[in-house]
Structure formats: structure tokens, C-alpha cells
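**Student:** For reference, the structure I am asking about is given below.
The values are calculated or read from the model by the stated rules, or taken from the named source; none is laboratory data. This is a predicted model, so every value here is computed, not measured. Cβ placement follows ideal geometry from the backbone for every residue including glycine, while neighbour counts extend to all protein chains displayed.
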Amino acid sequence: MAELSDWRAALGLLSVAMAIGAAAIYVAQTLRGAVRPHPLSWFLFGVLSGTGAWVQFDAGVRAGSWALMAMTAICFLFVAASLARGERSFSRAEWAFAAASLATFALYFATRNANAAAALVTLIDALAFGPTFVRGWRRPKADSATAFAINGAKYVPSLFAMDPLNFATAFYPATLVVLNALVALMLVARRRA
């Protein structure tokens, strides 16, 4: 049993290290002026990551939840940092996604319905990637393909570290693997066009 938990802990630590690595790349690119962070996007992704981590924590996922916990902290750090160097205009849709993320957090707080929270967090996050895709399409050099790629990949070891592994604990991070990879691929393709 200890051997299995050591293995899961190692995967959980790997996912956190990848999150920190992606954050370091993003910070360096932001400081160089290569990317412009979007504070409202980071806020809503922080709230959604926090809700997803809470669902996983309540399910007893342990090491499998560390990636979302790390991302929650990183997202809110990016909110603070992006207020100084980030975008200043936000669409109504982005405000709506931020409000929906807060409503989902409150809903989970009130009901503790893990499956509903996982479905809503995933839906809102997937829809909120829309403005990210649009910004990336229009200005492919204004965001970090590397950070998106690593941010998606970090959930792979996280998923293998999960116990229990079910819809409530795994659907959201599995979707983030795909969404982040799609943004990274789109940014690379647009830069080459």
C-alpha cells in the first residue's frame, strides 16, 4: 500500500512541478513583453480550478488533486501580476463566464453535488476558452504556446495519481488536457501561417 501511495505522490509532485514550470515560462514571457496576460481569464480559471480541486479534495483524491490546487494558486497570482502588465478590456462574455464560475463555486458550496460541479466547471471552462482561442487566432504571438502545452500535459500524471478516478474527479482535468493542447497547437499553426 505504501508503495502505491508513493507512486501516486510522485505523479502528483510531477504535475505540480510541471505547473510551476509552465508558470515560470509564462512569467518570463510576460516580463519580456512577449505575452499579455488577461486578468479576467486568469480569475475565472482560478475560481474554476479551485472548485475542481475542492471536488477532488472532498472525494479524497489526494495527490491527484495537487495539480488543480497548484493551478488555483498560480491563477490568482497571475491575476495580481496581470493587473500591472495585462489586458484592460473585457467582453461581456468574459464577464458572464466569470460570474458563472463564481455561481458554480457557490452551488458546490451549497449542495456538495460533485458530479454537477464537475460538469458545470468543465462546461464553463470550455466555453471560457473561446475568448482565448479568438485572442490567440488574432494575435498568436501574444500568448505562450509552450505554457499552454505544459499546462495541458501536467494533468496526465495528475489523472494517473487519482484515487478514486471517476467523473467528478477526472472529467475536468481530462478536458483541460485537450483544451490546452488545442490552444497550443492553434498558436503554433497561426505563427507559421
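**Student:** Among Val121, Val79, which is the only one that is β-branched (Val, Ile, Thr) and either modelled with pLDDT under 95 or over 15 Å from the mean Cα position of the chain (by Cα) (or both)?
**Tutor:** From the options Val121, Val79, the qualifying one is Val79.
**Student:** While we're on this one: Taking the stretch 81-96, which residues are farther than 30 Å from Ala168 by Cβ and in a helix (DSSP H, G or I)?
**Tutor:** Result: Ala81, Ser82, Leu83, Ala84, Arg85, Arg92.
Table: residues versus (1) free of Cβ contacts under 8 Å to residues at least 60 places away in the same chain; (2) among the polar types (S, T, N, Q).
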| site | (1), (2) |
| --- | --- |
| Thr111 | yes, yes |
| Gly130 | yes, no |
| Gly152 | yes, no |
| Leu159 | no, no |
| Phe167 | yes, no |
| Thr175 | yes, yes |
| Val178 | yes, no |
| Leu182 | yes, no |
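**Student:** Which count do you get for residues in the stretch 19-33 that are under 25 Å from Phe97 (Cβ atoms) and surrounded by fewer than 22 Cβ atoms within 10 Å (Cβ to Cβ)?
**Tutor:** 5
**Student:** Restricting the search to the stretch 4-52, which residues are farther than 16 Å from Ala80 by Cα and under 13 Å from the mean Cα position of the chain (by Cα)?
**Tutor:** If the condition is that a residue be farther than 16 Å from Ala80 by Cα and under 13 Å from the mean Cα position of the chain (by Cα), then Ser15, Val16, Met18, Ala19, Ile20, Ala22, Leu48, Ser49, Gly50, Thr51, Gly52 are the ones that fit.
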